[in-house]
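Each remark here refers to the structure printed beneath this line.
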Amino acid sequence: MNTLALGPSWLDPDNLIGTFGLVGVLVIVFAESGLLIGFFLPGDSLLFTTGLLVTTGKLDTPLWAVCALVVAAAVIGDQVGYLFGRKVGPALFKRPDSKLFKQENVEKAHEFFEKHGPKSLILARFVPIVRTFTPIIAGVSKMNYRSFVIFNVIGGVLWGAGVTLLGASLGKVEFVHRHIEMILVGIVLISVIPVAIELLRARSQAKKAQDRDDHDAPGTPNPQNSRGRHAKR
């Protein structure tokens, strides 16, 4: 199966699986689930391709075993992220930007966690970048550990097993085989839609805040006051 490389060839799911096999898949799922350096990895398209390759017999591992291992890697990855957040704490918000770390990603994940609470651990699984930082933010916020474990496992099962099974199911469809490049690109586009919406929303809010600041700045004429003065005259 020749697929379209989504970005650099070493990030192409088919290339990754062909080179590193199931072990590579598990390492990437683990890294993307809770390590700061894993936010750029292709989790969704990788799991979909993994399920598809199991169905076509190009990945010689039972589907149930693949799903179990993927879920375990996802859950353990989030666990490591949580413990890292508990240990690092507020210092994470003071860390300077670098090529692999952007303070903006931490802030977005924090807003996501504050907005959705514990269920963000489930929702974030399906949002690239946010899924990497959310368990870390849960640790920083000292979320109740028992609740974290419960939502972590639920999210790991729904995302890890769910996307893999989706790939395995659609892998039996001839249309998918003929248009696998388009399918993978579609998965990537769909997965980044929540991020794009959030960025646009944040930009709109920032613009409104700036407009309010400009309007309230000293020396800015107030239309209501102007009308009042004219009325007195």
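The values are calculated or read from the model by the stated rules, or taken from the named source; none is laboratory data. Model, not experiment: these values are computed from the prediction. As a convention, Cβ positions derive from the backbone with ideal geometry for all residues, glycine included, and neighbour counts pool all protein chains shown. Protein only, heavy atoms only, side chains kept; ligands, DNA and RNA dropped before computing areas. Shrake-Rupley method; radii C 1.70, N 1.55, O 1.52, S 1.80 Å.
Tabulated results
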| quantity | calculated |
| --- | --- |
| Candidates Arg125, Arg131, Arg146, Arg201, filtered to the one that is modelled with pLDDT of 65 or more, open to solvent by 70 Å² or more (accessible area, probe 1.4 Å) and closer than 20 Å to Val80 by Cα | Arg146 |
| Test: residue in the range 84-105 that is within 15 Å of the chain's Cα centre (by Cα), among the hydrophobic types (A, V, I, L, M, F, W, C) and modelled with pLDDT of 80 or more | no |
| Pair list, Cβ under 9 Å, 6 or more apart: the range 60-77 residue more than 10 Å from Gly156 (Cα to Cα), other residue among the hydroxyl-bearing types (Ser, Thr, Tyr) and not in a helix (DSSP H, G or I) | Leu69/Thr61 |
| Qualifying residues in the range 29-40 (those that are closer than 21 Å to Val153 by Cβ and at pLDDT below 90) - the one most open to solvent (accessible area, probe 1.4 Å) | Leu35 |
| Single unsatisfied condition, Thr49 versus (1) touching a Pro at 6+ places or on another chain (Cβ under 6 Å); (2) closer than 27 Å to Ser141 by Cβ; (3) not charged (D, E, K, R) | (2) |
